[in-house]
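Remarks on the structure that follows.
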Amino acid sequence: MIIFDVITIFPAMFDSYLKESLIARAQKKKLIKINIHNLRKWTTDAHKTVDDRPFGGGLGMVLKIEPIFKAVKKLSTRTVLVDKKRKVVLFTPRGRKFNQKLAFQLSKLDQIIFICGRYEGVDQRVAKHIADMEISIGDYDLMGGELPAIVTIEAISRLIPGVLGKEQLLKERITKSGGFIEYEQYTRPEIFRAGNKNWKVPKVLVSGNHKKIGKWKKAHGKIIE
């Protein structure tokens with residue numbers, strides 16, 4: 001089982017996601033465990049302050065290092081891992097681009113601690129001294145790390161045996177380097193009438209010839225890395 005620990009100041013954003021579809025089922029089957037932690041839990045002042053103005057000025061407030069340090073320290077010591085198969089991930093636009101290969105690598109871990117930034121960003125000392133890696137899910141800026149955390153959890157979880165329930169088919173679509181082969185897909189009706197046009201399913205897919213179908217899929221597959 002892989003454990004996802006998510007540190008955020010908006011824990012309610014994950015409520016509906018965790019209760020739906022295959023992610024909910026995977027948690028019930030104890031294939032994955034997702035814990036959402038409110039960063040304010042690790043503050044000490046009456047206002048539960050998690051942010052402050054940046055030195056040198058800036059566009060907005062920055063998440064402080066103190067509560068993040070305490071949160072990661074607590075979550076790291078709570079779970080005993082013999083071989084330390086744990087990573088602390090900070091989501092930031094400056095991070096390494098998340099792709100299928102990285103998802104494959106992370107799926108081999110036992111615990112991943114996600115730090116979700118907000119506002120103008122996170123104290124840079126978190127990236128330098130606390131996080132093991134910085135990740136970005138694309139060349140654009142978001143309001144926080146919550147959506148990247150959801151995207152990353154889903155991409156990793158579908159690689160965990162038993163989550164999709166079709167291990168053999170999944171193995172056939174994963175490359176040796178951890179990439180993923182995506183095919184064109186069709187279903188009934190075989191011929192769809194769109195106005196005065198007929199949109200047809202490729203004949204080979206309804207031929208029943210598995211050898212030809214295999215060749216067609218290989219020719220029309222795209223490797224996602």
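The values are calculated or read from the model by the stated rules, or taken from the named source; none is laboratory data. A quick note: this is a predicted structure, and the numbers were derived from the prediction, not measured. Positions of Cβ are generated from backbone atoms using ideal geometry, with glycine treated the same way; all protein chains shown enter the neighbour counts. To get the accessible areas, we keep the full protein, side chains included, count just its heavy atoms, and leave off ligands, DNA and RNA. Shrake-Rupley method; radii C 1.70, N 1.55, O 1.52, S 1.80 Å.
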Inset, instruction - Select from L142, T187, L18 the residue farthest towards the positive end of the dipole of the chain; place +1 on Cβ of Lys and Arg, -1 on Cβ of Asp and Glu, and compute about the Cα centre. - result: T187
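In whole percent, what relative contact order does segment 1-100 give with Cα contacts below 8 Å and a gap of six or more residues? Let's see the in-between values first.
Values: 81 pairs, mean separation 22.7, N = 100.
That works out to 23 percent.
Taking the Cα centre of the chain as origin, work out the dipole magnitude from +1 charges on Lys and Arg Cβ and -1 charges on Asp and Glu Cβ, in debye rounded to 20. Before the final figure, lay out each step's value.
Values: 43 positive and 23 negative charges, 250 e Å.
Value, rounded to 20: 1200 debye.
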Inset, instruction - Please pull out the direction-averaged projected area of segment 34-164, using the convex hull of its alpha-carbon atoms, in nm² to one decimal place. - result: 8.9
Inset, instruction - Could you tell me what percent of the accessible area of the chain is made up of carbon and sulfur, with a 1.4 Å probe and every protein chain present? - result: 54
Inset, instruction - Name the most mobile residue of A12, A103, A46, meaning the one with the largest mean-square fluctuation, in a Gaussian network model of the chain with Cα contacts below 10 Å. - result: A46
Legend entry - Most mobile of N198, N38, N99 in a GNM of the chain (Cα contacts under 10 Å): N198
Inset, instruction - Considering Cα pairs under 8 angstrom that are at least six residues apart, work out the relative contact order of segment 79-209 and quote it in whole percent. - result: 27
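Can you tell me what the convex hull of the Cα atoms of segment 20-110 projects to on average, as an area in nm²? Display every interim value, and only then the final one.
Values: hull surface 36.1 nm².
With the hull built on Cα positions only, its mean projection is 9.0 nm².
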Inset, instruction - Using a 10 angstrom cutoff on alpha carbons, build the Gaussian network for the chain and name the most mobile of L164, L39, L205. - result: L205
Inset, instruction - Quote the charge dipole size of segment 23-72 about the Cα centre in Debye, to the nearest 20; the model charges only the Cβ of Lys and Arg (+1) and of Asp and Glu (-1). - result: 620
Inset, instruction - Mind checking which of F91, G60, F104 is farthest towards the positive end of the chain's charge dipole, using Cβ charges of +1 (Lys, Arg) and -1 (Asp, Glu) about the Cα centre? - result: F104
Inset, instruction - Count the DSSP beta bridges whose two residues both fall in the chain, then state the antiparallel fraction as a percent rounded to the nearest 5. - result: 30
Inset, instruction - Enter the accessible area per residue of segment 45-182 (Å², integer; probe 1.4 Å; all protein chains in place). - result: 56
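Counting pairs of alpha carbon atoms under 8 Å apart in space and at least six apart in sequence, what relative contact order in percent does the chain give? Mind showing how you got there, number by number?
On the way: 339 pairs, mean separation 47.5, N = 225.
Relative CO of the chain lands at 21 percent.
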